[in-house]
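A short worksheet on the structure shown next.
The values are calculated or read from the model by the stated rules, or taken from the named source; none is laboratory data. What you see is a predicted model, and the numbers here were worked out from it, not measured in a lab. All Cβ positions, even for glycine, are placed from backbone atoms using ideal geometry, and neighbour counts span all protein chains on display.
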Amino acid sequence: MTARAQGDNAAMQQVSCTECLAKVQVRKTAWEQTSIQWTGEALDLCRERPACPSGSLPRDQFVGCETLRAALRDATARGSLELAEPAAR
């Protein structure tokens, strides 16, 4: 599913984790650049998040789900995750 709007918020697309089915909104601007917006529900569903230590040091912060990263790579390689068009300036 693709949601399109004008400006910098354009081209947010929904991607689901293949493990827990958490749904996040993604904007892909290049192969190397992906922005991910997690919802509260997606954070609750993620099975990898509880495995993170709960501390205040940077190493203790949740940096993402490896299974979701794989789903994003697969979607990009299949062409189902489209690159966002650059915003007109």
Within segment 42-82, residues being of a type in the set (A, V, I, L, M), over 13 Å from Ala22 (Cβ atoms) and at pLDDT 85 or above number 4
Number of positions in segment 12-33 that are of a type outside the set (Lys, Arg) and in contact (Cβ under 8 Å) with a residue 40 or more places away in the chain: 13
